[in-house]
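Take a look at the structure below.
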Amino acid sequence: ESLKDFEKDKYIFLDTEVAVKSFKDIDFFQDKVRLVQIGNREKTYIYDMFRIPEFSKHLKKLLESKGVVGHNLKFDIKFLKTNFDIFPQIVFDTMIASQLLSENEREKHSLQAVTYRLTDDELDKTQQSSAWGLRNLSKEQIDYAAKDVQALRDIFPILRDRLNNIKTPHKATGIIHETFSLDNAAAVVEMAFVPQLALIELTGMPVDEKVLKDQLQKVSSDYQRMYIDFVRKYGVDPFSPHKITYWLSTKLGLKLPKTQKGSLSSQDSALRKYIDREEVKQLVEIRSTKKILDKLKELSSHTKNGRIYSEFKQIGAPTGRMASSRPNLQNITRELRKLFKTPEGRSLIVADYSQIELRIAAEYVGDNTMIKAFSEGKDLHKFTASLILGKPYEDVTKEERQMAKAINFGLIYGISPKSLMEYARNNYSIDISMKEAQKFHERFFEVYSGFKNWHDRVKQDLSKKHSLVVYSLLGRRMVVHRFTEAVNFPIQATGSDLLKMAVVFFGKLKNDLDAQIVNLVHDEIIVESSEENSQKAKEILSQSMLKAGKILLRKVPVEFEVEIVGTWADK
C-alpha cells in the first residue's frame, strides 16, 4: 500500500541503516540491512527489514525502475545487492555531486558537512553507529533515520542546479539526464559509474591463494636473511635514512646528491650510478625485497575465498582519478601480477588504452604535428626521438625511444630542463646531461609549437588571475592555482572520464553475459568471464572502449589493446 505513494515520482530519496559487527570493518556479505528509508517530496516511509524481509521483492521493483537519490550510494547499493539482490542503476549521488563541485581539496563531503554547507542545518549523527541490531529500535533511532531523507530532499535540488550551471562542451543524454533533469555530462557519467563501481567491489579480484602464501613465505625468509647479513657485514640498519646516508657518504666515500631541503639523498635513484658496488647493490636489493614483502602482507590480509576485495574511492583526486585501498590494487608491480589468475573455467581479459595521455594532450592542445603523427599510426615516442635527434624514424633505437618517452611525458606537463634530467633518471633509468636536457627542451617546443603556445598562454593567465578554471574534454570543471596543475589536470581528467565512460558502456552492452570488471588501474580495465564467454566479453570491452574514445577524441584516433590472458602479468 505504502508504495502507491511513489507511483507518480520519477525519482525517490533513499537511505539505509545497517546492523554491523564492526563499523571499522564492515562486511557487505555478512552484515545486515536493518532499515530502508524511502521518501518523495512529501512523505517518508521507514521499513524495518528484520520484521518484513519478504517486502524486499516489492522494493526491488521500485528501486530498480525509478531514479534513486542518496548520499554515498555505493555503500547502500552494495548492501541492497548482497542482502536482497536489489541493484538500482538510475542514481544521483549527492556525495559525488558535492565532490564534483568542490574547489577545495580539504572540503569534507559527508552528508552532515554537505547539508550544513548548503542549508546551515546541523545534522545530528550520534545515532549513526548506534546498535541497529536491537530487537526494538528507539524513537531517537527512527527519527534519526527519517532526518537523513529530509537532508537529501533539501540538498539534491541545490546540487543539481549548481551542476547544471556549469557549461559543458558535451550535451548530457540518457536515462540519468532525463530522470533527474541533470544536464552536466561529466556528472551524468559519474552517476552512471556509481553502481558499476559497487559491482566491481563486490566481485573482487581473483587471486591464487596458494601461490600468494608460498610467495609470502619465500620473500619473508629471503628478507630476514638479507637483513641480518647486511647488519652483520656493515654494522648499519638499512632502514635508518640518517645512518645509511652517513655510512654511504663517510664510510664508502660516495658523492650523494642533495634533496630540496639540502640534506643528502640516499634514495635508489641517487645510488644508481654506484650500483656496481656490492654494498650499494645489496642495499637496493634489500629495499626492493622489503617493498615486495609489505605488498604481499597487505594482499594476504585482504584475501577471502580466492578473491581480494578492494575499496575504491570514486573521486580520489580533483581530476576524477580513482584511489584504491585496503588493499591498493592500483600499484601492483609486474612481478606480483602473476598472483592474479582465475580459477578453472574462468578467463581474465586485460585491456588498456595505448599512449592515451599523449593522444588526449594532442587533441586538447590541438597540436597539428602530434595529431598528424597519431593519424598516420606512428609510435609517438619513436616519432619524437626522430625529430629531436634529427634521425630517420626507422633508425631510432630502443634506448632513444625510452629517452623520448621521458621527454614526451615530462615536457607536455611543462617541467624544466633540470627536472627533465631527474625525471628521466628516476622514472626511465636514462641519464642525460644538463646540456642535453636544455637542447631537448628547446627542440621539443620547436617541433610541437602548439604546446609552447598553450604553456605560454596558461602562464600569462595565471600571472594575472592567480587561479584558473580548467575543463576536461567532457567538461569536468577544476580550479587550479599552479602552472603544473593547469597543464596536467585537463589531460588527466579527460583520461578519468574516458575510463569511466568505457566502464559504463561495458555494463550496459554486456546485459546478462557472465563477465564482470574486477579491477581498474588508470587506463587499464581488467574483466573476468567464463571461458566460453571470453571472446564475446573481449568484443564488448573493445566496443565500449572505442565508443568512449570516439566521443572524446575527434581529431586523434583512439587505440587500445585487449587480450585474453592466463594471469594479469601476461599482458
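The values are calculated or read from the model by the stated rules, or taken from the named source; none is laboratory data. Only a predicted model underlies this, so the values are computations on that prediction, with no experimental measurement involved. A quick note on method: Cβ atoms are made from the backbone with ideal geometry, for glycine too, and the neighbour counts reach across all protein chains shown.
For the criterion of being in contact (Cβ under 8 Å) with a residue 12 or more places away in the chain and among the charged types (D, E, K, R), residue 278 fails. The number of residues in the stretch 22-34 that are surrounded by fewer than 21 Cβ atoms within 10 Å (Cβ to Cβ) and in contact with a helix residue (DSSP H, G or I) (Cβ under 6 Å, 6 or more places away or on another chain) comes to 2.
Within this structure, residue 89 fails the test of being free of Cβ contacts under 8 Å to residues at least 24 places away in the same chain, assigned by TED's automatic domain parsing to the domain that holds residue 39 and surrounded by 18 or more Cβ atoms within 10 Å (Cβ to Cβ). When you scan the stretch 106-116, do you find a residue that is assigned by TED's automatic domain parsing to the domain that holds residue 42, out of contact with any Cys (no Cβ under 7 Å at 6 or more places or on another chain) and farther than 27 Å from residue 17 by Cα, even just one? Scanning the stretch 106-116, I find at least one residue that is assigned by TED's automatic domain parsing to the domain that holds residue 42, out of contact with any Cys (no Cβ under 7 Å at 6 or more places or on another chain) and farther than 27 Å from residue 17 by Cα, so the answer is yes. For residue 255, indicate whether it is surrounded by fewer than 16 Cβ atoms within 10 Å (Cβ to Cβ), assigned to a loop (DSSP other than H, G, I, E, B) and not assigned by TED's automatic domain parsing to the domain that holds residue 328. It is true that residue 255 is surrounded by fewer than 16 Cβ atoms within 10 Å (Cβ to Cβ), assigned to a loop (DSSP other than H, G, I, E, B) and not assigned by TED's automatic domain parsing to the domain that holds residue 328. How many of the residues making up the stretch 92-118 are surrounded by 19 or more Cβ atoms within 10 Å (Cβ to Cβ) and of a type in the set (Asp, Glu)? Here the count works out to 1.
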